[in-house]
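Each value in this text was obtained by applying a stated rule to the coordinates, not by laboratory testing. Everything numeric here is computed off the predicted structure, so don't read it as measured data. Here Cβ is always computed from backbone atoms with ideal geometry, including for glycine, and neighbour counts include all displayed protein chains.
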Amino acid sequence: DGDLILAYSSTGTLVGGGAVSDSRCGLAIWGDDETTEALDGLKENDIIELRLRSIETNSEFLIDVSTIQTGSMAYQTDQFTVINVELKPALPDNYFLSGAYPNPFNNLTRLTYGMPESGFVKVDVFDISGRLVETLVNENLQAGYHNITWNAGGISTGIYLVKMNTDKFSSVKKLMLVK
């Protein structure tokens with residue numbers, strides 16, 4: 001009790017939070033104030049990332065949403081969402097590339113991947129004919145869990161493949177973009 005659940009945008013901006021009490025937490029998540037030029041909250045359909053901040057150690061851990069009982073992890077004004085969550089271990093046991101959420105999606109989707117050790121990672125998006133559409137990640141990264149939000153705003157409706165490559169792992173996931 002007393003730990004915090006914090007909500008972040010895909011760019012890492014803090015957009016809400018609440019204190020855990022009796023294994024439960026309620027939190028308000030802020031939308032963007034469109035009367036200002038600054039992006040100070042979430043826009044409609046932005047993906048919400050949750051983290052637990054331990055009061056004891058002041059460290060943060062990603063929270064894995066195990067069940068969405070009502071609502072969605074995509075921001076909507078005045079939405080009420082009920083979820084069940086699990087803490088992820090500090091480091092994944094294996095390499096992985098999760099399916100995208102949401103999928104099918106309209107413009108924005110989020111992928112999560114994990115690495116049990118640091119190293120070079122490349123994540124590419126291909127169209128169904130195998131042509132490279134966009135490179136999302138192409139760098140050395142620390143071990144742990146990572147998120148990518150793909151903004152496909154200028155891309156045509158269709159089926160796309162996301163491929164993650166490291167020197168020890170390769171995985172492909174299918175995405176469906178609908179507009």
* Asked: DSSP loop chymotrypsin sites (Phe, Trp or Tyr not before Pro) in the range 13-100 with at most 10 other Cβ atoms within 10 Å of their Cβ, which ones?
  -> 80
* List the lysines whose alpha-carbon lies under 25 Å from that of residue 168, not counting same-chain residues fewer than 8 positions away? -> 88, 122
* Asked: Between residue 77 and residue 131, what is the label-to-label distance in nm when each label sits 7 Å out along the Cα-to-Cβ direction?
  -> 3.8
* Asked: Classify the chain: rounded, prolate or oblate, from the alpha-carbon gyration tensor (a ≥ b ≥ c, eigenvalue square roots; a/c under 1.5 rounded; otherwise prolate if a/b is larger than b/c)?
  -> oblate
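Placing unit charges on C-beta atoms (Lys and Arg positive, Asp and Glu negative, everything else neutral), compute the dipole magnitude of the range 96-177 about its Cα centre in debye, rounded to 20.
Details: 7 positive and 6 negative charges, 42 e Å.
About 200 debye.
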